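The values are calculated or read from the model by the stated rules, or taken from the named source; none is laboratory data. None of these values were measured; they are calculated from a predicted model. Using ideal geometry, Cβ is built from the backbone for each residue, glycine included, and neighbour counts are taken over all protein chains shown.
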Amino acid sequence: MITKRSNFAPLFLKETPLILSLFFCFIFVSCQKEKGFKGVNQGDQATSQSKLKGKRLKRSIDSRLGLGEFFVEKKIRKNSNFAETLEEMNFSYQDILQIIKAVKPFINFSKLQINTVLQKKERSYPLKEFLSLEIFLSWMERVVVEKGEKGEWKARKKNLPITTKVTKFNGVVEASLWNSAVKAGLDPAVIEKLSQIFAWEIDFNREVLPVDSWRIIVEEKWAGGKRVSWGHILAAEYKNGNTYHKAVRFPKGKGGEYYDLEGKSLKKKFLKSPLRFGRITSRFTRRRFHPILKIRRPHYGVDYAAPKGTPIFAVGDGRVTRKHYSKWGGKTIKIRHNSVYQTAYKHLSKFHPSVRRGRKVKQGQVIGYVGSTGLSTGPHLHFEFYQGGRYVDPLGKKFPQLKKIKKENLISYKSFAKEVWKFLPERQEAVLLAKKTNEKKKKEDL
Ligand SMILES: [Zn+2]
């Protein structure tokens, strides 16, 4: 949700009658010029302001309002409340009681937040008359209070319809992915989504290059003439160096999964175990009695007992970040799988000769052999799993599942993906290149 709100100047309505008469002519003229619904709490559409007697008054003009109609807004301030705010809006004590009674079924007063906007619509001509009071509970949700024919106060809930628009964005990374997103007018939350889609393909912490480019189509949720939130990324391309990573969201029921254009899932699964055969002798625990140290200390991994020399597999594709010997862990290998997951393998008797720091490894590739190096009672593998830099229990954790497209859906997926793909904007890199070529051409022409 985007809930940026501008600061509103407090309203001082004591001078209302005077102000009304002063501004009536102005309203009449302005009505012709102003377009759209104004004065909603974001305030990004200008509202007329005027200073009077040194106090600021904010009024808004709505072209849909009739002649002489206007509205005033007030926010519930800190250390104030709903009733007090109504009082400041010149409602009488009797009216306030009636209004509270009417809105009670729709508003939980204990949860009513400060900065909630109250908007009073009035008519100034031919007679001063109250039209309605609206309480903006959220972007989509309002409570409208009106007066019935007999002067009774009635309240109802009004939900603004949410519409979904699909928009295109593209960018070249240059300084940072985040910067390029902001530059393109995209919310950083969407770039976060983008990096999640490709988390298994690209390590966004380390592998992003200034020449990288991206393009996406994404859903925007609109209500009341404003964008209120972002929906799903429907298709995305991230060009990392010379590699194109592509994703299309294939809706399924309430959810959806991302696949490449061939229908392969972008999520990868880890091997269930780094050993083909191994008996779990010690599980992940925050506290355990250490057999050698004879003290209680956490065990942030899983121990697999296996004969010395048993091959150890990388549980997923990744890059070797550490290959070293430590006093406690003995011969140790650490692999970074993506920007989220890492694994570590300890007490190895031997490293596999193909394993080097900085090199890529494939899922299932033998990286070393079970041993008892470091602080260890016997041959076993101590296996650690990290998520976002923290230890997690690999046995207790539910990892992303590989969701294959069923064979019978593959054809329909491919044609769906092809159609969606057409909506992507041009690659920005291509645009830049074209520009450069044109400039070059122009120079040559001169
Ligand atoms: Zn262990």
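Every test in (1) within 19 Å of residue 74 (Cβ to Cβ); (2) surrounded by 17 or more Cβ atoms within 10 Å (Cβ to Cβ) is passed by residue 130 save one, and that test is (2).
If you check 386, 304 for being in contact (Cβ under 8 Å) with a residue 24 or more places away in the chain and within 12 Å of the ligand (Cβ to nearest atom), only one passes: 304. Restricting the range 186-208 to residues that are in contact with a strand residue (DSSP E or B) (Cβ under 7 Å, 6 or more places away or on another chain) and without any contact (Cβ under 8 Å) to a residue 60 or more places away in the chain, the residue that is surrounded by the most Cβ atoms within 10 Å (Cβ to Cβ) is 194. Restrict the check to the range 326-333 and report whether at least one residue is closer than 27 Å to residue 195 by Cβ and touching a strand residue (DSSP E or B) at 6+ places or on another chain (Cβ under 6 Å). The answer is yes; a qualifying residue exists. Residues in the range 329-347 that are farther than 24 Å from residue 268 by Cβ and in a strand (DSSP E or B): 330, 331, 347.
Of the residues 364, 374, 358, 378, only one is part of a loop (DSSP other than H, G, I, E, B), more than 14 Å from residue 314 (Cβ to Cβ) and in contact with a Phe, Trp or Tyr (Cβ under 8 Å, 6 or more places away or on another chain); which?
On the way: 364 fails: more than 14 Å from residue 314 (Cβ to Cβ); 358 fails: in contact with a Phe, Trp or Tyr (Cβ under 8 Å, 6 or more places away or on another chain); 378 fails: in contact with a Phe, Trp or Tyr (Cβ under 8 Å, 6 or more places away or on another chain).
Every option except 374 fails the conditions.
Scoring residue 99 on the criteria (1) in a helix (DSSP H, G or I); (2) within 33 Å of the chain's Cα centre (by Cα) leaves a single failure, condition (2). Just one residue in the set 310, 281 is more than 30 Å from residue 234 (Cβ to Cβ), within 13 Å of the ligand (Cβ to nearest atom), β-branched (Val, Ile, Thr) and in contact (Cβ under 8 Å) with a residue 12 or more places away in the chain; that residue is 281.
For every residue, the table says whether it meets (1) of a type in the set (A, V, I, L, M, F, W, C); (2) within 29 Å of residue 425 (Cβ to Cβ); (3) in a helix (DSSP H, G or I).
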{"residue": "121", "(1), (2), (3)": "no, no, no"}
{"residue": "125", "(1), (2), (3)": "no, no, no"}
{"residue": "169", "(1), (2), (3)": "yes, yes, no"}
{"residue": "190", "(1), (2), (3)": "yes, yes, yes"}
{"residue": "199", "(1), (2), (3)": "yes, yes, no"}
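Name every residue in the range 78-118 that is of a type in the set (Ser, Thr, Tyr) and more than 20 Å from residue 157 (Cβ to Cβ), in order of residue number. The answer is 80, 92, 93.
Here residue 340 does not fit the description of being of a type in the set (A, V, I, L, M), buried (at least 16 other Cβ atoms within 10 Å of the Cβ) and within 16 Å of the ligand (Cβ to nearest atom).
Here the range 399-446 is the region considered, the condition is being assigned to a helix (DSSP H, G or I) and surrounded by 15 or more Cβ atoms within 10 Å (Cβ to Cβ), and the residue that is modelled with the lowest pLDDT is 429.
Would you say residue 250 is surrounded by 17 or more Cβ atoms within 10 Å (Cβ to Cβ), aromatic (Phe, Trp, Tyr) and over 19 Å from the mean Cα position of the chain (by Cα)? Criteria met by residue 250.
Of the set (1) away from the ligand (no atom under 15 Å from the Cβ); (2) out of contact with any Ser or Thr (no Cβ under 9 Å at 6 or more places or on another chain); (3) at pLDDT 90 or above, all apply to residue 335 but (2). Within the range 344-376, being among the charged types (D, E, K, R) and either within 16 Å of the ligand (Cβ to nearest atom) or assigned by TED's automatic domain parsing to the domain that holds residue 206 (or both) holds for one residue alone: 346.
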